[in-house]
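*Asks:* Sharing a structure here in structure tokens format.
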Number of protein chains: 2
Amino acid sequence: MRLSRYFLPVLKETPGEAQVVSHQLMLRAGMIRQTAAGIYAWLPLGLRVLRKIEQIVREEQDNAGAVELLMPTIQSAELWKQSGRYDAYGPEMLRITDRHDREMLFSPTAEELFTTIFANGVKSYRDLPRILYQIQWKFRDEIRPRFGVMRGREFLMKDAYSFDPDLAAARHSYNRMFIAYLRTFARMGLHAIPMRADTGPIGGDLSHEFIVLAPTGESDVFYHSNWKAARDTTVDADDATALQTYVDRLNTDYAATDEKRDQGLEAEAGDALKQSRGIEVGQIFYFGTKYSAAMGLSVQGADGTAIVPHMGSYGIGVSRLMGAIVEASHDKDGIVWPDAVAPYKVALINLRADDASCLAAADAMYDRLTAAGVEVLYDDRDERGGAKFATADLIGVPWQVVIGPKGVGARTVEVKRRGAGTRDEMTVEAAVAKLA
Amino acid sequence: MRLSRYFLPVLKETPGEAQVVSHQLMLRAGMIRQTAAGIYAWLPLGLRVLRKIEQIVREEQDNAGAVELLMPTIQSAELWKQSGRYDAYGPEMLRITDRHDREMLFSPTAEELFTTIFANGVKSYRDLPRILYQIQWKFRDEIRPRFGVMRGREFLMKDAYSFDPDLAAARHSYNRMFIAYLRTFARMGLHAIPMRADTGPIGGDLSHEFIVLAPTGESDVFYHSNWKAARDTTVDADDATALQTYVDRLNTDYAATDEKRDQGLEAEAGDALKQSRGIEVGQIFYFGTKYSAAMGLSVQGADGTAIVPHMGSYGIGVSRLMGAIVEASHDKDGIVWPDAVAPYKVALINLRADDASCLAAADAMYDRLTAAGVEVLYDDRDERGGAKFATADLIGVPWQVVIGPKGVGARTVEVKRRGAGTRDEMTVEAAVAKLA
């Protein structure tokens, strides 16, 4: 993409509305704009990162055997009355009356609808187990939205729902999502710690929150120092026993949110007990037959008797993750995107847009990299080199390729790694080979 | 994907709620379910087709130089009051009051928000021209939603907005979208005719609707018989003059919606004048400075004077397209998907799930096709062959590969083309080569 044809409204000043660094940098880098309290437009650069995060989440859900579908954002209040949550949910639910005076709402989560759709589509135990998921916009009418996309009102969430014949099978589905979540966050360059967590309005008796440690996190968390290291996620998720053993072993190291602290276990951890602030990026729940019973989901067992499936639900805050990644990966000059979620791989900078040989060399480099399948943002604007460097550092693309009058005769370019700050002079061919 | 692990709730009976064939078939094929009046859940098979249609739309927008971003679904009423449309829009706008009693709405289109975001991000004539677009869910509170996803309330729309320094440049942007639309629909196997159209609530003085002819269409359309043939779309869209000549030449053949009929031109067409019903799949508008003036969009010209950009907007009904494609492409047994939008390329049918050699052969075929990058839906269920054939025909996957006891010894399979109904016996290797 040529910057001269793009829409990248970077800001020189830090907007006063932004309190945390991720919000500041995403505004400055022209990734998002607030359009109403807690509601954001995703500008082209921000949308590219959002799609990459979404795609990693999708791939790991698919790898876990989950099947994707898509629910509408606007739902009928009827289903929520059936489960009893319409009254219980409170003012965070955005309630809507349509032109025929029917009560509707903007979905904040979708246990009721998934359970109903599944109930209408299945008949027998052979239709179990299943995990269904969607990646869809949700709305929660937070009283004080803040921290940019980390606590917005309209947000993109992956929500999955598992349906199993009994508790043992449901436990396996829970563990499948547990390991899928560790893999998902690791692929984005995030170290997320699974912590014993309160089940909140979804209910149930087993839950973990996945927490990224960050001083700007909104909640206090407590964990054994062993959790500071990333965990190996090599385990056969199809083998229920091996997976349970793996999950149990991980959970021998204490980790809990503020609501689920355990004094005895904390005493055991002793000096290894650490306290931090944390950002929740996902949460998983097992809640038994709470929604299947309420919504009338039942299938016929092998012996002809009715089975009421055991269920769990599994959320990942897809848009929130972008804020968490920026909190975890930035420096004084701007964002430092992990490769897997970077909006582009290469920022190509022509230092002298007014010099014919530099222009020809930059155009040729753009064509070669693009032909090699590399995602390039080409700063072809008629601007000073300093402004181009500042923009490239701010938007945090992993590699910068700089073309200037010094190297153009010798057919060399400078290749800079954004995070480490290392710079190497190399031939055009070597640069293409390195980046392709 | 193995059908034994999928969620494909096909229906044997045609649901009474569905009046048109596309709605009937999409329900029967387990692609959609209605969750409230005019609101649909997209089941796994339907979502796959939706994503393929969306991706074709995206690629042709990108090819036209448009830049993708994403607006929130919930917008503040303030912007709509500024343009005067908050009162003008009427009861089709879904109006919402949030917990702080602020007036909000579910976006039915986004001229105001795009213009405002663009205005805040640009400064000079060098920031023009631009075409920005999004593919996002919209809501229009239709008084009588009907025809399934063709006239639903919550629907997926591509909406693009062009910003140009003057009328001539705006005309070029309009023409870029004109040719992009012809290419988009052709790639989906649809023949869409651009027709002179009323500008409706968006306003402006130039508009075309792109209409697919179908007896179940909701409006009357009139066109010269020359439009029955598909048009060559070879033209250099970057060359404004060549593109204008191309568009002008196309438009010498009369085509108009009911609201824009011209008696003189119809008399000229004589016996070549045809009348039909039509489904609108896209509409493009040029409306000058209507929204840029209302929303305060202005940039500095080369000579320092202010330029108020000329604008157009360009919609495609992404979810509606699925209905239009099914209307245009089905037979008595079910849907016949055009290759470009088919949910899977191959339906792999094992006729004898209880036979070890058939099972091994089918599993091996599934692995080989999948390894070759072919999208396969493998019917590995313990069902009769007849039921499997009926499902495969109903869901309309372009190719069927059948494995049964007759061929398994000779390592042959039957390959059926769904649309033509042709069947060929061939070796496993030949089938893989044909389909990969």
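Computed from the coordinates by the stated procedures, all read-outs in this text should not be read as laboratory data. Predicted, not measured: the structure shown is a model, and the values here were computed from it. Positions of Cβ are generated from backbone atoms using ideal geometry, with glycine treated the same way; all protein chains shown enter the neighbour counts.
*Asks:* May I ask for the net charge around B:T35, where only other residues with Cβ less than 12 Å from the Cβ of B:T35 are counted and Lys, Arg are +1 while Asp, Glu are -1?
*Replies:* With Lys, Arg at +1 and Asp, Glu at -1, the net is -1.
*Asks:* Arrange A:K260, A:K123 by Cβ neighbour counts within 10 Å, fewest through most, would you?
*Replies:* Numbers: A:K260 17, A:K123 10.
Exposure proxy ranking, most exposed first: A:K123, A:K260.
*Asks:* What percent does the relative contact order of the stretch A:344-435 come to when contacts are Cα pairs within less than 8 Å and at least six residues apart? Provide the component values of the computation, followed by the final result.
*Replies:* Details: 155 pairs, mean separation 29.3, N = 92.
Averaging sequence separation for qualifying contacts and normalising by length gives 32 percent for the stretch A:344-435.
*Asks:* Right, next: Can you find, among A:N175, B:G301, B:A119, the residue farthest towards the positive end of the dipole of the protein assembly as shown? Put +1 on the C-beta of Lys and Arg, -1 on that of Asp and Glu.
*Replies:* It is A:N175, whose Cα lies furthest towards the positive end.
*Asks:* Let me ask something else. With label points built 7 Å along Cα→Cβ from the Cα atoms of A:A293 and B:S219, find their separation and express it in nm.
*Replies:* Each label point lies 7 Å from its Cα, and together they span 5.3 nm.
*Asks:* Working out 0.36 nm times the residue gap between B:R417 and B:A371, then minus their Cα-Cα distance, what length gain in nm do you get to one decimal? Provide the component values of the computation, followed by the final result.
*Replies:* Working: separation 46, 0.36 × 46 = 16.56 nm, distance 2.15 nm.
Between B:R417 and B:A371, full extension yields 14.4 nm more.
*Asks:* Taking +1 at the Cβ of each Lys and Arg and -1 at the Cβ of each Asp and Glu, which of B:A372, B:G409, B:A356 sits farthest along the dipole of the stretch B:356-411 towards its positive end, judged by Cα position relative to the Cα centre?
*Replies:* B:G409
*Asks:* Still on this model: What do you get for the angle between helix A:385-395 and the principal long axis of chain A? Use alpha-carbon atoms, 0 to 90 degrees, nearest ten.
*Replies:* Compared with the principal axis, the helix lies near 10 degrees.
*Asks:* Continuing with this model, one more query. Kindly give the distances from B:G373 to its copy-mates, label point to label point, with each label point 7 Å from Cα along Cα→Cβ, as nm values to one decimal ordered shortest first.
*Replies:* Distances between equivalent label points, in nm: 0.8.
*Asks:* Right, another one. What translational diffusion coefficient, in µm²/s and rounded to a whole number, does the Stokes-Einstein relation yield for the protein assembly as shown at 20 °C and a viscosity of 1.002 mPa s, taking the hydrodynamic radius as the Kirkwood radius over Cα pairs? It would help to have the intermediate numbers written out before the result.
*Replies:* Values: Rh = 29.3 Å.
Result for D is 73 µm²/s.
*Asks:* Another question about this same structure. Answer rounded, prolate or oblate for the stretch B:14-87, using the Cα gyration tensor with square roots of eigenvalues a ≥ b ≥ c: rounded when a/c is under 1.5, else prolate when a/b is larger than b/c, else oblate. Could the numbers behind the result be given before it?
*Replies:* Numbers: a/c = 2.88, a/b = 1.41, b/c = 2.05.
Oblate shape, in that a/c is at least 1.5 and b/c is the bigger or equal ratio.
*Asks:* Equivalent ellipsoid semi-axes for the stretch A:3-335, as square roots of 5 times the alpha carbon gyration tensor eigenvalues: give them largest first, rounded to whole Å. Provide the component values of the computation, followed by the final result.
*Replies:* Numbers: eigenvalues 210, 145, 68 Å².
For the stretch A:3-335, the semi-axes come out at 32, 27, 18 Å.
*Asks:* Further, regarding this structure: Between A:M426 and B:D87, how many nm apart are label points set 7 Å from Cα along the C-beta direction?
*Replies:* In this crude label model, A:M426 to B:D87 measures out at 6.5 nm.
*Asks:* Still on this model: Is there a quick way to get the dipole size of the stretch A:344-435? I mean about its Cα centre, with the Cβ of Lys and Arg at +1 and of Asp and Glu at -1; what is the value in debye to the nearest 20?
*Replies:* Working: 13 positive and 14 negative charges, 68 e Å.
It comes to approximately 320 debye.
*Asks:* Going by alpha carbons, how many degrees (0 to 90, nearest 10) lie between the helix axis of A:44-63 and the longest principal axis of chain A?
*Replies:* Here the helix axis deviates by roughly 40 degrees.
*Asks:* Using only the alpha-carbon atoms, how far is helix A:167-187 inclined from the longest principal axis of chain A? Give it as 0 to 90 degrees, nearest 10.
*Replies:* Long axis of A:167-187 versus the principal axis of chain A: about 10 degrees.
*Asks:* If you don't mind, another one. Starting from a label point 7 Å past Cα on the Cβ side, list the distances from A:S219 to the same position in the other copies, nm, shortest first.
*Replies:* So the distances to the same position in the other copies read 5.1 nm.
*Asks:* What does the C-alpha gyration tensor say about the overall shape of the stretch A:344-435? Classify as rounded when a/c is under 1.5, otherwise prolate if a/b is larger than b/c, or oblate. It would help to have the intermediate numbers written out before the result.
*Replies:* On the way: a/c = 1.32, a/b = 1.06, b/c = 1.24.
Note, shape of the stretch A:344-435 comes out rounded.
*Asks:* For A:A387, place a label point 7 Å out from Cα along the Cα→Cβ vector, do the same in each other copy, and report the separations in nm, one decimal, smallest first.
*Replies:* 6.9
*Asks:* Among A:K81, B:K274, A:K138, A:K332, rank each residue by its count of other Cβ atoms within 10 Å, from fewest to most, as a rough exposure measure.
*Replies:* Numbers: A:K81 13, B:K274 17, A:K138 22, A:K332 5.
Least crowded to most crowded, the residues run A:K332, A:K81, B:K274, A:K138.
*Asks:* Moving on to the next point. Report the charge-dipole magnitude of the stretch B:3-334 in Debye, nearest 20, computed about the Cα centre from +1 at each Lys and Arg Cβ and -1 at each Asp and Glu Cβ.
*Replies:* Numbers: 38 positive and 44 negative charges, 236 e Å.
Magnitude of the dipole: close to 1140 debye.
*Asks:* Between the stretch B:412-434 and the stretch A:323-346, what's the alpha-carbon centroid distance in Å?
*Replies:* Between the Cα centre of the stretch B:412-434 and that of the stretch A:323-346, the gap is 49 Å.
*Asks:* What residue of chain B has the nearest C-beta to the axis that moves B onto A, and what is that distance in Å, given as a whole number?
*Replies:* B:I96, 3
*Asks:* Checking the a/c ratio against 1.5 first, then a/b against b/c, what shape does the Cα gyration tensor give for the stretch B:258-385?
*Replies:* Numbers: a/c = 4.69, a/b = 1.95, b/c = 2.41.
Oblate, since a/c reaches 1.5 and b/c is not below a/b.
*Asks:* Moving on to the next point. About its Cα centre, how strong a charge dipole does the protein assembly as shown have in debye, to the nearest 20, once Lys and Arg get +1 and Asp and Glu get -1 at the Cβ? Can you show the working numbers first?
*Replies:* Working: 104 positive and 118 negative charges, 103 e Å.
Dipole of the protein assembly as shown, to the nearest 20 debye: 500 debye.
*Asks:* Sticking with this structure for a sec: Taking Cα pairs under 8 Å and at least six residues apart, what relative contact order does the stretch A:3-335 come out at, in percent?
*Replies:* Details: 637 pairs, mean separation 71.3, N = 333.
Across the stretch A:3-335, relative contact order equals 21 percent.
*Asks:* Using label points projected 7 Å from each Cα along Cα→Cβ, tell me how many nm separate A:A433 and A:D248, to one decimal.
*Replies:* 5.2
*Asks:* Given the pairs B:K81/B:K123; A:K434/B:K158; A:K228/A:K332, which are separated by over 32 angstrom at their Cα positions? Could the numbers behind the result be given before it?
*Replies:* Values: B:K81/B:K123 25 Å; A:K434/B:K158 37 Å; A:K228/A:K332 24 Å.
Pairs exceeding 32 Å: A:K434/B:K158.
*Asks:* What translational diffusion coefficient, in µm²/s and rounded to a whole number, does the Stokes-Einstein relation yield for the stretch B:165-247 at 10 °C and a viscosity of 1.306 mPa s, taking the hydrodynamic radius as the Kirkwood radius over Cα pairs? Before the final figure, lay out each step's value.
*Replies:* Working: Rh = 14.2 Å.
My calculation gives 112 µm²/s for D.
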